[in-house]
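> I'd like to ask you about the structure that follows.
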Amino acid sequence: MKRLIIGTSLTAALLLAGCAEESADTKKSEPTTAAKTEKKEETKSEEKEVAAKEEPKVEKSEVGEKTPHFTNKSLGIKEKLGPINLSIDKIQTSRLKVSDAFKPTFGDQDEVTTIVINMTLENTSDDTISVYPEQATLTTNTGEQIEAELFLSDQIGGEFIGKVKKSGNILFVAKSQPKDITSIKYILDAPHDQELNQLADRYTVEIQVK
């Protein structure tokens, strides 16, 4: 249970916190009444906003200091895997400077590259179907083949007993610098029923991260 709690907090810090801060930035960029009436102030404000967007934003948490490299919150990838509807919604690549407290979690490494994928799976049948997105494999254009970090990802796989929907984040840790990773392939084994009958083909999708 402790490992599950740690995993949930990690993925929240590594993806969801970034999305929340982007929403806050959007609100800040909305012009105020004073900005509308004073063109000079508006121009200065816009220049500051542009300068801020050009600088990578460092996000601090108990996990460490994360610098997002690429974020897409509207992937819109949808696939039907037998009775399972899969929707891949968001992806983010980042460089993480790991805090001392969490270095054992990342193999005592000082820095790592993280790739976090947010998705939703839904069983459209009344049967019990099993599928394991947090045990998937990821390959990169830099030649890495990475297994998902099972205990650091949200536990959204396993048995779907009837018409159940689950959402969460899947975390991968890469060696390559995020600037060198321009595309990834997410590879998911097919769902199966209680008799272990495979209900679809193995699923592979390529996602651009540049």
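The values are calculated or read from the model by the stated rules, or taken from the named source; none is laboratory data. On a predicted model such as this, the values are computed, not experimentally measured, just so you know. Here Cβ is always computed from backbone atoms with ideal geometry, including for glycine, and neighbour counts include all displayed protein chains. The protein model used for the area step is the full one, side chains on, heavy atoms only, and it has no ligands, DNA or RNA in it. Shrake-Rupley method; radii C 1.70, N 1.55, O 1.52, S 1.80 Å.
> Ignoring ligands, DNA and RNA, what percent of the 1.4 Å accessible area of region 61-148 is carbon and sulfur?
Whole-percent figure for carbon plus sulfur exposure: 41.
> Let me ask something additional. What is the Rg over Rh value, at two decimals, for region 114-193, using alpha-carbon atoms and the Kirkwood definition of Rh?
The Rg/Rh ratio comes out at 1.04.
> Just add up the charged neighbours of SER99: K/R +1, D/E -1, any other residue whose Cβ is under 15 Å from the Cβ of SER99.
Details: positive: LYS60, LYS66, ARG95, LYS97, LYS103; negative: GLU59, GLU62, GLU65, ASP100, ASP108, ASP110, GLU111.
Value of the local net charge: -2.
> Which Cα, out of VAL205, LEU96, LEU171, lies furthest along the positive dipole direction of region 79-210 (beta carbon charges, K/R +1, D/E -1)?
The one lying farthest along the dipole's positive direction is LEU96.
> Per residue of region 133-146, in order, report the coupling 6.51 cos²θ - 1.76 cosθ + 1.60 (Karplus, θ = phi - 60°) as ³J(HN,Hα) in whole Hz, putting x for Gly and Pro.
Per residue, the Karplus-derived 3J(HN,Hα) values read x, 7, 10, 7, 10, 10, 10, 10, 5, 8, x, 8, 10, 10 Hz.
> About the Cα centre, and with charges only on the beta carbon of Lys, Arg (+1) and Asp, Glu (-1), how big is the dipole of region 45-182? Nearest 20 debye, please.
Around 260 debye, computed over region 45-182.
> Going by average Cβ density within 10 Å per residue, which order do the peptides 73-86, 195-208, 113-126 take, highest to lowest?
So the peptides 73-86, 195-208, 113-126, ranked by packing, come out 113-126, 73-86, 195-208.
> Using alpha carbon centroids, what distance separates region 91-117 and region 170-189, in Å?
Going from one Cα centre to the other spans 13 Å.
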